[in-house]
Amino acid sequence: MKKPISAILIGAGFRGVTYGGYALENPEKLNFIAVAEPFQRRREQFAMDHNISSENMYISWKEVLSREKFADIVVICTPDQMHIEPTLMALEKGYDILLEKPMAHTLEDCIKIVRKVEETGRILGVCHVLRYTDFFQTIFHTIKSGRLGEVINFSHRENIGYYHFAHSYVRGNWANRDKSSPMILAKCCHDLDLLYWFMGSLPKEISSTGDLMHFTKDNAPEGAPKYCIEGCPIEDTCLYYAPRIYIDIEPIIQIVNKSNRGFYKFIVNLRKNHLKLLTFLSKFISLLKRLRYWRDWPVNYLYENEPEDYSDEAKRRILKTNPYGRCVYQADNNVVDHQLVNIKFENGSTANLCVHGFSPYEGRTLRIDGQKGTLIGEFMAYGEKLTFLDPLNGKEEIIYEKELDVSGAQHGGGDYQLLDAFIEDLTTESKNPLTNAREVLESHIMAFAADKARVSNKVIDMERFREKNI
Ligand SMILES: NC(=O)c1ccc[n+]([C@@H]2O[C@H](COP(=O)([O-])OP(=O)(O)OC[C@H]3O[C@@H](n4cnc5c(N)ncnc54)[C@H](O)[C@@H]3O)[C@@H](O)[C@H]2O)c1
């Protein structure tokens, strides 16, 4: 029997633990033998889950990478601004790497990484997980089969749920571009990667517009305290009232209610309408306990420095001082809350991307018009669907459909499928485009060009942009 790939995890946060879950489910494919993570609880939990010995537990990437190479790969899941250094060092040590997106938070650093990959001849996979979902794979193969004819336009919307936007881009880790990266890179390098992949051509021109319009101090309601829980005058009507998101988990209940999952709808409504009964039943049934004392995304972000008490009282106490308890109109955010990007490709086709943070439900919607047919897609948190419209006979055909995924798999199953593909690339001759660092760089170049176009209010000539920057 073949030995599993041995791995070092750097950064045992939300993403690191997700990839850890893959190893636990597929021990014959992947085995984490070391972890570097400054938070003691996360480090110890990961080490315990993966049976990692104490000499292989490290506080920081610097320590683990200063050792001689002792595993096959390094999985890097640190915050955006902390990608460049461990990646360069791991490449120098001779590791193949799975790196979370974005590659780095500046174009200069992305290019440094690509050059180092090419110099060392190592494999670098970047976690553009959407490419690996069944939904986006179906689109790609439909285009490739010629069913749409020549693709003329791709219109893509990234509808970020209002709760997700407030969590990540107003109160959280990606709210301030000086501390992380431009929103169009942090959130949309996936989407730009899809545009580039589907259109099969390099971008020729990019223009963009967008702004921070809503989450500003000027929009703070009169008398609103700095923390929601301190007695906000509009707490009953504010979508962003922190206890509504982190204690009542109202957005999650609404997603389940919008799906076709009858049983799950029934139990989430226990949470909403019969809390006492749910509290009682949760003593006996673990699924109900998970729902009653929610600890998964986005609540897990409240608990970086807190004891693991997931009761309502503990959450209320945390929200009094935690950044995620802040009024969304009085945070230190400066990233845009909506942006449009227009792209003309070298083959003459066009695409436009609209991203915004005000959707009731999270997800992507898209329309691809080819000269022989049209694809309309919904890749939403509550379900997925792709419809092909055939203008020759006026028929509509649903070519892909999936219900709400309650397995806990992230990104429509893409996370685990990405790992399958990465491991295949490590162990066989087959190479997928996302372990080609130059191919991955394209979406990042597009994001930086779109950011420049928006800030300068100019159309970016991509040939000149490349000449100047790469
Ligand atoms: N592929 C995707 O769709 C996707 C989705 C979300 C996030 N991300 C990316 O994944 C990365 C991690 O995001 P996250 O949500 O897991 O964040 P997180 O904050 O939950 O995890 C990051 C972890 O890195 C640890 N860390 C900090 N300094 C370190 C050091 N010196 N050595 C080792 N570990 C260190 C932190 O303590 C933390 O536990 C980010 O780059 C993010 O943009 C990708």
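Structural remarks
- One way to sum up the overall shape of the range 1-75 is the equivalent ellipsoid from its Cα gyration tensor, whose semi-axes run 18, 15, 10 Å, largest first.
- Loop-exposed trypsin sites (Lys or Arg not before Pro) per DSSP, neighbour cap 14 Cβ within 10 angstrom, longest uninterrupted part of the chain: 70-178
- DSSP bridge orientation in the chain - percent antiparallel, rounded to nearest 5: 65 percent
- Other residues lying with their Cβ under 12 Å from the Cβ of Thr279 contribute a combined charge of +4, Lys and Arg counting +1, Asp and Glu -1.
- Legend: Rg and Dmax of the chain, from Cα coordinates, 22.7, 67 Å.
- Fewest neighbouring Cβ atoms within 10 Å first, the residues Glu378, Glu108 line up as Glu108, Glu378.
- Neighbour counting of Cβ atoms within 10 Å sorts the residues Ser349, Ser54, fewest neighbours leading, into Ser54, Ser349.
- One chain, two ends: Glu150 and Leu239. Fully extended at 0.36 nm per residue, the span grows by 27.8 nm beyond their Cα-Cα distance.
- Considering helices alone, the calculated mean residue ellipticity of the chain at 222 nm is -10500 deg cm²/dmol, with DSSP H runs of length four and up weighted by -39500 (n - 2.57) and normalised per residue.
- The calculated FRET efficiency for Leu24 paired with Asn347, based on their beta-carbon distance and R0 = 45 Å, is about 0.55.
- Charged-residue dipole, Cβ positions (Lys, Arg, Asp, Glu), the chain about Cα centre, Debye nearest 20: 640 debye
- Of the DSSP H helices in the chain, those whose Cα atoms cover at least 27 Å axially and whose Kyte score averages -1.0 or more: 437-456
Every number in this text was worked out from the coordinates using simple rules, so none of it is lab data. Everything numeric here is computed off the predicted structure, so don't read it as measured data. Here the Cβ is made from the backbone with ideal geometry for all residues, glycine too, and neighbour counts use every protein chain on show.
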